[in-house]
Each structure stands twice: as C-alpha cells, then as structure tokens.
Amino acid sequence: MALIDGLESSGLIADDLPPPVAFGSWKDAVARSVLQFEFDCDRPGRFSGALSDRSLAGVGFIDMECGRHAAYRGPESISAGDTGYYILTLQLAGRLELTQHDRTAVLAPGSFALYDSAQPTRVVSSDDYKSTCIKFPYERIGVGQDALSEITATAFECRAGLPSAAWATVLGLNRGLESLGPSGPLAVRGMMELVTTMLGNELGRPPPAVDHRAELRARISEYIDAHLSDPRLSPRVIAAAHYISARNLHQLFEESEHTVAGCIRARRVERCGRDLADPRQAEVPASAIALRWGFADASHFGQVFKRHTGQTPAEFRRAAYRSRRFAPE
C-alpha cells in the first residue's frame, strides 16, 4: 500500500477518468475495451463505473473504477475475436478475486496478476475497485503460453526492484501516452520488454532467445501505429523504412490475420470507431475523424468503415451514444 501511495503522490496513477456510467453501459464498455463477459450485480440500479481505454503499438492501456460486481467468462463467452490476448492488472484500490486455471488470486492494493483471454475466467470486485491494466497480444511478450499458464491468476506484490520498475514504466507511459509522439511505439516496445523480463523473473526463467522475425514484425507493427495518420502510409513505404523488399514484407505477414494493407485499414477503422464512440468528441465531424486517421476522403472512409463494422459511421456513433445513455440497469 505504501508503494501505491508513492505512485499516487508522484502523479503516475490516472485520476482523469470520464464520468461514471450505469451498469448496462459499463458492461458495453468492458466488452469494447477489455473482453466479453457475463455480469452479475446485486445492486444494478446503484452501480456506477468509469473506464478509460487508449492504445498504442498494439497495447491497450485501461483504467477502471467501479462498484461491486462479478464477471464470468465461460466457453460460451469466448469468441475467436477476443482470444489471443493477455491482461495484466495492477490493483490500486479495493479488492479483486481473479480465478483461472483452477487458481484464485486475491488482489489488494499494490498487487498484480495476469490472465489469458482464451481461458475461462471469473472476477469478483469489491466496492471502491480501481485498477490499471494493459492488454496485449500473445506475440508482444517473449514468454510462451505454456509457461505463462503456470502463473495466471497468481497474485504478485509490486515490490521494490523489477516489479515496481515495470509498473512505474507502465503507469508513466499511460499518463503521457498522447505526448509521446513518434517515439511512442519504441517506448511501448521497451515497456513490453521490461514486462517480459518481470514475468520471466516471476517464473524463475531466464529471458528467451531473440526471435528476429518476430522482432521485425513488432517494429513494423509499431511503425504502422505511429504513422496511421499519414495518408501516404503503404506497404511500399513501410518496406522502404525497414530496408526490406515489399516481397519480404508480405511474407512476414503471411501468418497474420490481415495483409499489410488490410492491417492498416483495420487499425484505422479501430481508431476511428473509438473516436466516434467518445462522447467528448461528439461535435467532431466523422469526416474530420477520418482525416485524422489517414483516410483520404469521407466517401472512401464510409465504405471501408461499413465493410469492417456493418454500420455507417453515423449509425455506429448513434448506437454508441444510445447504449451509453439508455442502457438498462
């Protein structure tokens, strides 16, 4: 707890979350930002929660405050779209019980735990719950799934040394994410290397050997995230920036869900969707949001957005606001 007090006094813990929302809107926000869960709440009419979600270089930074509730992620809740991720959570206030792999971690302020999106999960929070989480794809961490399954749902103390250094880095980047500029993806990669080392240390294992292809894919992914706003971003530009041929670039993405161009489009749509759903940007035209994230014109943006989401930008924005304002208790 003394360490949490120190982090708060240093200004590293987020205190600028958006206004709290009712239980129905909270469930929707968690599904969009974290994972799909089924929820229980004994006082849904009195529940409120606030959630902030930002991402950089494929890593999500999530701040949460909420009242008492339980969330379950069974086989019926797990879909292909939200597997392939780890969530690493640091408890800042209140209490959390996290169950996975037949283990239950009880988190108090100053402790942290890891869980796997592909596995059934149960979480129970107390009143006055507050946490900071990072959500990242399996490939962003240099420790294998079989090894990490040994320590999911295990409570670790954010003690002095490597854990406190890793979490201070996470919290510091989270607080200053928008000000990192072009150096942001590199900073996030350094953070993930520190997180990998910390988790490897908790496992009692040495750092893994470097996978150079994976490292190059990670650098390219970071480059894409850092240059999404540039409408000139293309596979040719990306290949030239990394001193490889276009053919080699496409080979790197052969096992990925998207082609290089498809990856660029999908990430632009994701960023636009988050901005369209943000009530603080309600007065920003959809066309301005499209230009912000590198779409050359509003017509092309509308076509791509509907192809990816099934809704026009206007329909998507209305649905997000309607869910937030009129979600059932």
Item to check | Condition met for T89 (in contact with a Lys or Arg (Cβ under 6 Å, 6 or more places away or on another chain) and modelled with pLDDT of 95 or more) | outcome: no
Item to check | Subset tally (residues that are in a helix (DSSP H, G or I), at pLDDT 85 or above and open to solvent by 40 Å² or more (accessible area, probe 1.4 Å)) for segment 1-30 | outcome: 2
Checklist entry - Does segment 197-209 contain at least one residue that is in contact with a Cys (Cβ under 8 Å, 6 or more places away or on another chain) and among the β-branched types (V, I, T)? => result no
Next on the checklist: Checking the structure you have, find out if any residue of segment 192-200 is in a loop (DSSP other than H, G, I, E, B) and of a type outside the set (S, T, N, Q).
Outcome noted: no
Item to check | Pair list, Cβ under 9 Å, 6 or more apart: segment 254-265 residue of a type in the set (G, A, S), other residue surrounded by 13 or more Cβ atoms within 10 Å (Cβ to Cβ) and part of a loop (DSSP other than H, G, I, E, B) | outcome: A261/S234; G262/F253; G262/S256
Checklist outcome for this item: Within segment 129-170, residues being within 16 Å of S117 (Cβ to Cβ), buried (at least 17 other Cβ atoms within 10 Å of the Cβ), under 18 Å from the mean Cα position of the chain (by Cα) and not polar (S, T, N, Q) number 6
Next on the checklist: Take the residues in segment 146-188 that are acidic (D, E) and at pLDDT below 85; name whichever of them is farthest from T132 (Cα to Cα).
Outcome noted: D146
Checklist entry - Considering segment 214-234 alone, what residues qualify as being part of a helix (DSSP H, G or I), in contact (Cβ under 8 Å) with a residue 24 or more places away in the chain and out of contact with any helix residue (DSSP H, G or I) (no Cβ under 7 Å at 6 or more places or on another chain)? => result R219, S221
Checklist entry - Taking into account only those residues within segment 289-311 that are over 24 Å from A57 (Cβ atoms) and either at pLDDT 95 or above or assigned to a helix (DSSP H, G or I) (or both), which is farthest from the chain's Cα centre (by Cα)? => result S299
Next on the checklist: Let me confirm something: among A166, A160, which residue is touching a residue at least 12 places away in the same chain (Cβ under 8 Å), part of a loop (DSSP other than H, G, I, E, B) and closer than 19 Å to L88 by Cα?
Outcome noted: A160
Checklist entry - Would you pick out the residues in segment 237-252 that are touching a Lys or Arg at 6+ places or on another chain (Cβ under 8 Å) and either in contact (Cβ under 8 Å) with a residue 40 or more places away in the chain or not in a helix (DSSP H, G or I) (or both)? => result H242
Checklist entry - Hey, among V195, V188, which residue is within 22 Å of D146 (Cα to Cα), in contact with a helix residue (DSSP H, G or I) (Cβ under 7 Å, 6 or more places away or on another chain) and either surrounded by fewer than 16 Cβ atoms within 10 Å (Cβ to Cβ) or of a type in the set (A, V, I, L, M) (or both)? => result V195
Checklist entry - Taking D53, is it outside any strand (DSSP E or B) and open to solvent by 20 Å² or more (accessible area, probe 1.4 Å)? => result no
Item to check | Boolean, L252 is open to solvent by less than 30 Å² (accessible area, probe 1.4 Å), modelled with pLDDT under 90 and aliphatic (A, V, I, L, M) | outcome: yes
Item to check | When residues of segment 272-323 are limited to those that are in contact with a Ser or Thr (Cβ under 7 Å, 6 or more places away or on another chain) and open to solvent by 70 Å² or more (accessible area, probe 1.4 Å), the one farthest from G81 (Cα to Cα) | outcome: R292
Checklist entry - Considering only residues of segment 263-286 that are among the acidic types (D, E) and part of a helix (DSSP H, G or I), which is farthest from the chain's Cα centre (by Cα)? => result D275
Item to check | Which listed residue is under 15 Å from F37 (Cα atoms), touching a residue at least 12 places away in the same chain (Cβ under 8 Å), assigned to a strand (DSSP E or B) and open to solvent by less than 30 Å² (accessible area, probe 1.4 Å), from L88, L114, L98, L92 | outcome: L98
Item to check | Pairs where the first residue, in segment 297-311, is over 19 Å from R32 (Cα atoms) and the second is among the charged types (D, E, K, R) and in a helix (DSSP H, G or I), C-beta under 7 Å, 6+ apart | outcome: V304/R265
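The values are calculated or read from the model by the stated rules, or taken from the named source; none is laboratory data. Being a predicted model, the structure only gives us computed values, none of them experimental. Note that each Cβ is placed from the backbone with ideal geometry, even for glycine, and that neighbours are counted across all protein chains shown. Protein only, heavy atoms only, side chains kept; ligands, DNA and RNA dropped before computing areas. Shrake-Rupley method; radii C 1.70, N 1.55, O 1.52, S 1.80 Å.
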